[in-house]
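Bear in mind these aren't lab numbers, they're just calculated from the coordinates by the rules spelled out. Predicted, not measured: the structure shown is a model, and the values here were computed from it. Backbone-built Cβ (ideal geometry, glycine too); neighbour counts: all protein chains shown.
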Amino acid sequence: MKKENKIQGFKAPEDYFENFEERLFYKIAEENFPESSGFKIPENYFADLENRLLAVVEAPKTKSKVIPLFRTKHIAAVAAVAASLIIGISIFKNPDTNTTIDSLQLATIDNYIDAGNLNLDFYELTSYISDEDISNLDMQHLQLEDAEIEAYLFENTSETILNEP
């Protein structure tokens, strides 16, 4: 086989890479930075700067008009009207009935249970009822007529369940 000698046509001068960084930064600085800054300060600007600043600071200030977002007079009046309406409605809603604290508490408990906030199963409920409580129940008025049961089923069940054999 014949050995090929490849000679490159490019050659770097001697000591070219030794001071390359210095020459590069010098060239960049010459091209990017202008000789003058471009800003000029008026003559005697700093000589009377302190006096001008003090004149501005010590000048009498005019009060600016502040417009509040919420007017407290109107909010207080609206709150008073709303409170009086709530109290009036609650007092005059049922003037015939005598409400006691016990009945209010029982109604509150009933609403709590009806809303589904009390998660008790059948066995837990029966553990709170004694045999004496069960014997004292009057079941006569709790019996339902067949027509009432049938009407309830028609109102609360879907047609597909009723039509199934």
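Computed quantities for the displayed model
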read-out	value
Peptides ranked, highest mean first, by Cβ atoms within 10 Å: ranges 66-73, 110-117	110-117, 66-73
Gained length - residue 129 relative to residue 29, 0.36 nm times residue gap less alpha-carbon distance	26.4 nm
